[in-house]
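Peer 1: Before anything else, here's the structure in question.
Readers should treat all values here as calculations from the given coordinates under stated rules, not as data from a laboratory. All of these numbers come straight from a predicted model, not from anything done at the bench. Backbone-built Cβ (ideal geometry, glycine too); neighbour counts: all protein chains shown.
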Amino acid sequence: MKIFLILILCLSLFSCKKENNLTHDNSFYKIAKRYRDSHATDSAFYYYNLAKNDFLKISDSLGVGNCLVNMGVIQTKKGDFFGGIESSVEANKFLKKQNDSAYRRALSTNYNNIGLSFHFLKDFEKSSSYYIKTLKYIDSEEDRYLCYNNIGDLLISQGNFNSAKHYLKKAEATKDSSTLSKVINNLAKAKYLSNKNYNPLPDFNRALVIRQKINDGEGLNSSYETLSSYYLANDKKLSLEYAKKMLKEATRNNSPDDQITALKRIISLEPENYVLNFEKLDSINENVQTSRNKHKSQFAMVRYDVEKLKAEKAEKEVEGLQKNVGLTGLAVLVIVGFFWNEKRKKHIRQEKEKEKELEVKNTELRYSKKVHDVVANGIYQVMTKIENQESFNKNEALDELEFVYEKSRDISYEKEDSKNSEKEFKEKISNLIASFKNSSVETYVAGNESEIWRNLSSSTCEEIYQIIRELLVNMKKHSKADRVVFKFERINNCIKIHYKDNGIGISGELIYKNGLSSTVSRMEKINGEITFDIKTDKGLKIDISFPAS
């Protein structure tokens, strides 16, 4: 309850008091702001997303950043904390001009939002680091006092009472009644928790009076919860009384999280009404979870739908070139597949005698099915990518077509991936890694023995092959490495793969794009784990592990 109260009030202060001046006019942004100010946050989120894409077209980084900041704040308010963090982190990529006042205002709101999200998720270490970053960009004294209070409250949660008192005493200079009531309440709590002989009640009641005077509903919830907790150990009757006051106030101001907190306390202190109160708690909790899950899905779908429309529009501008390249390659592949199939059937007919006619037909059907499964399905997959993926360029199309062509050649030589032995797969991995070796890149392999791949299913082998190839392709395109090492080992029923190169590594936070995203997805299919070590002095280290069965 306490954290959620801070969340709502702090987001309101940081997001509503300041509005950055944008460098370009944007009708979607104006609509989004009107919806936000009228508390129609779902509609506001939708139009902020549209506005963001329009700002991207004209390279207005401040406009893009402001849209993402507002989207992150809305997500956090609605309980989509991971989504709020994601939007805020994305916003930081566009807010680089830290000496510009408009950018600084956006950054202070953004870091505050990330800190609040981590605070609610009880990741206090990350929350603290982002609150400290917020202080760096705050220009308003009142916002600074509120941030001091946030840090103090966080330090209380961590049990660091002396540091908490340091920040809270700084915040006492505030002239805002709502902020002052929080500071008084938190400072008294820090003093009491660090010294049980200290009497916090005068300060608790002083904060309560301020909140009653300004009709601060969420603040009253906080005071009642604080007093109920204080009396819990030595006066359960008073503790129950304040818990009931909290429930009444939380119901009045429609604060379901505070209702849940109050009901939990009431259930523990009033066992005679256990069933009735538990049913209320269960109903409210279910509604909260349903609402938050709904908003998580809704926000994700809004971004997906808008991105899809953007991709479709962009695709129309380049579809001529993409289709020409793709369809030409597909036509060649279909013709090759057709003549290969005809030649194969003719060869089979010539070799088989009349008494084996049934066997011939079965063989023809089997090869026709393989052509359909490998060639036709492969062609369809490439067509789908050409049709739907904005970033699917000519080189990628040719790579995909070459892969399908290689598969069709494998069929012609009757190669069966599902029947590969451990020795064959070992050689396949060795050949793959060796194929990336050239005059400027050295590749090394350790531990790639047949025993490593013992009893591994064909589907798992295929995923591992593709993962290793994706790592090598990524190395070749981006790392500038001249030395690549793969080490394989099998411990009990777990296979481990260690990758290391001496390239430029991955700077900053890890962003899962294209190849990396595909690699993570493949690991999920085989119930494996992949870890990227981006903090090494030089290069990139990746550890992969997955069950052998």
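Peer 1: Work out the length of the dipole vector of the stretch 425-549 about its Cα centre, built from +1 on the beta-carbon of each Lys and Arg and -1 on the beta-carbon of each Asp and Glu, and round it to the nearest 20 debye.
Peer 2: 240
Peer 1: If you don't mind, another one. Which loop trypsin sites (Lys or Arg not before Pro) in the stretch 167-210, with loop taken from DSSP, have no more than 10 other Cβ atoms within 10 angstrom of their Cβ?
Peer 2: Of the trypsin sites (Lys or Arg not before Pro), the ones in loops of the stretch 167-210 whose Cβ has at most 10 other Cβ atoms within 10 Å are Lys175, Lys196.
Peer 1: Which value, in Å to one decimal place, does the Kirkwood hydrodynamic radius take for the stretch 99-225 when every pair of different Cα atoms is included?
Peer 2: Taking the inverse mean of 1/r over all distinct Cα pairs, the stretch 99-225 comes out at 15.0 Å.
Peer 1: Can you pull the one-decimal nm distance between simple spin-label points at Ser517 and Ile335, each 7 Å off the Cα toward Cβ?
Peer 2: 3.6
Peer 1: Moving to a separate point now. How many angstrom lie between the C-alpha centres of the stretch 43-100 and the stretch 119-141?
Peer 2: Distance between centres, Cα-based: 18 Å.
Peer 1: What FRET efficiency would be calculated for the residue pair Gln158, Asn431, taking the C-beta separation as r and a Förster radius of 41 Å, to the nearest 0.05?
Peer 2: Between Gln158 and Asn431 the formula returns 0.15.
Peer 1: Just subtract the alpha-carbon distance of His347 and Asn493 from 0.36 nm times their residue separation and send over the number in nm, one decimal.
Peer 2: 48.0 nm
Peer 1: Which distance in nm do the two modelled labels at Leu56 and Lys136 give, with both placed 7 Å along the Cα-to-Cβ direction?
Peer 2: Modelled inter-label distance: 2.7 nm.
Peer 1: Give me the distance in nm between label points sitting 7 Å out from Cα along the Cα-to-Cβ direction at Glu270 and Glu172, one decimal.
Peer 2: Simple spin-label model gives 3.7 nm for this pair.
Peer 1: What pairs in Lys122/Lys191; Lys93/Lys525; Lys236/Lys264; Lys428/Lys525 have C-alpha atoms more than 25 Å from each other?
Peer 2: Lys93/Lys525
Peer 1: Scan the stretch 132-212 for GluC sites (Glu not before Pro) in coil per DSSP, keeping those whose Cβ has at most 10 other Cβ atoms within 10 Å, and list them by number.
Peer 2: none
Peer 1: Any chance you could run the full-extension gain for Lys237 through Arg454? It's 0.36 nm times the residue separation minus the Cα-Cα distance, nm to one decimal.
Peer 2: 71.4 nm
Peer 1: Here's another thing I want to ask about it. For the stretch 420-547, what is Rg from Cα atoms divided by 2.2 N^0.38 Å, rounded to two decimals?
Peer 2: So the stretch 420-547 has a normalised radius of gyration of 1.01.
Peer 1: Could you give the length gained by full extension between Lys538 and Asn205, i.e. 0.36 nm per residue of separation minus their alpha carbon distance, to one decimal place?
Peer 2: Net length gain for the segment: 114.1 nm.
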